[in-house]
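In what follows, a single structure is set out as structure tokens and then discussed.
The values are calculated or read from the model by the stated rules, or taken from the named source; none is laboratory data. As the structure is a computational prediction, the values presented were derived from the model and not from experiment. All Cβ positions, glycine included, derive from the backbone under ideal geometry; neighbour counts span all protein chains shown. All accessible areas refer to the heavy atoms of the entire protein, side chains included, with ligands and DNA or RNA removed. Shrake-Rupley method; radii C 1.70, N 1.55, O 1.52, S 1.80 Å.
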Amino acid sequence: LKGPKDRGTGQVPKERERVMGKSRKRYPEGLTVQHVSTYLVREATAASAETITDDRDAAHLFREAFDFDHSDREVFVAAALNTKNRVLGVWQVSVGSLNASIVHPRELFRQAVMLAAASVVVGHNHPSGDPTPSGADIQLTRRLVKAGDVLGIEVLDHVVVGDTSHASLRDLGLM
């Protein structure tokens, strides 16, 4: 805080000048600025030992971690990977409706950034059992790829999991 006492009265002025970065902003006396910290606690899991080498590995990981077989709604999930494609973490990004899942890039990449991921693989289930990607799936994937490019976190694949099979948007040339 800057702001000497008033020379005439010896009182601290009603407003003080606080330097924030290179800009100078004035805050009323007594105003507090909230400081927020986030800490990441790593817990060892079976998934952390896995390496994702292809879409089959990703589909298997997602099926095991999220029990897609018993879900009546779309569940969108992600796996963060290091530079050698070893799994750093797996998490559920969102739960949607019977035929749609609302996903915003910030919800996906928040965890990836915290895990210092080099890349991510995303996936979701189709409760209908048919893993054919929808137009919305393709559009979302392209949006996530663009956001990942900005952040320097590559989206390696988007896997759509059905009852007995899965579809890779990368293998289908849709990324």
Could you check how much of the accessible area of region 88-129 is carbon and sulfur, as a whole percent, using a 1.4 Å probe?
-> 55 percent
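Once the piece of chain linking Q92 and I138 is laid out straight, how much longer is it, given 0.36 nm per residue of separation minus the C-alpha distance between them? Please report the intermediate quantities before stating the final value.
Details: separation 46, 0.36 × 46 = 16.56 nm, distance 1.93 nm.
Fully extending the segment from Q92 to I138 adds 14.6 nm.
Enter the accessible area per residue of region 110-159 (Å², integer; probe 1.4 Å; all protein chains in place).
45 Å²
Where a ≥ b ≥ c are the square roots of the eigenvalues of the C-alpha gyration tensor, would you call region 88-175 rounded, which needs a/c under 1.5, or, failing that, prolate if a/b is larger than b/c, or oblate?
Details: a/c = 1.79, a/b = 1.54, b/c = 1.16.
Prolate, because a/c is 1.5 or more and a/b exceeds b/c.
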Calculated FRET efficiency, K84 and R63, Cβ-Cβ r, R0 25 Å, to nearest 0.05?
-> 0.65
Distance between modelled label sites at D130 and V150, nm, 7 Å Cα→Cβ extension = 3.4 nm
Peptides ranked, highest mean first, by Cβ atoms within 10 Å: ranges 142-153, 55-66 | 55-66, 142-153
Note the full-extension length gain between A116 and D72 as 0.36 nm times their separation in residues minus their Cα-Cα distance, in nm to one decimal.
-> 12.6 nm
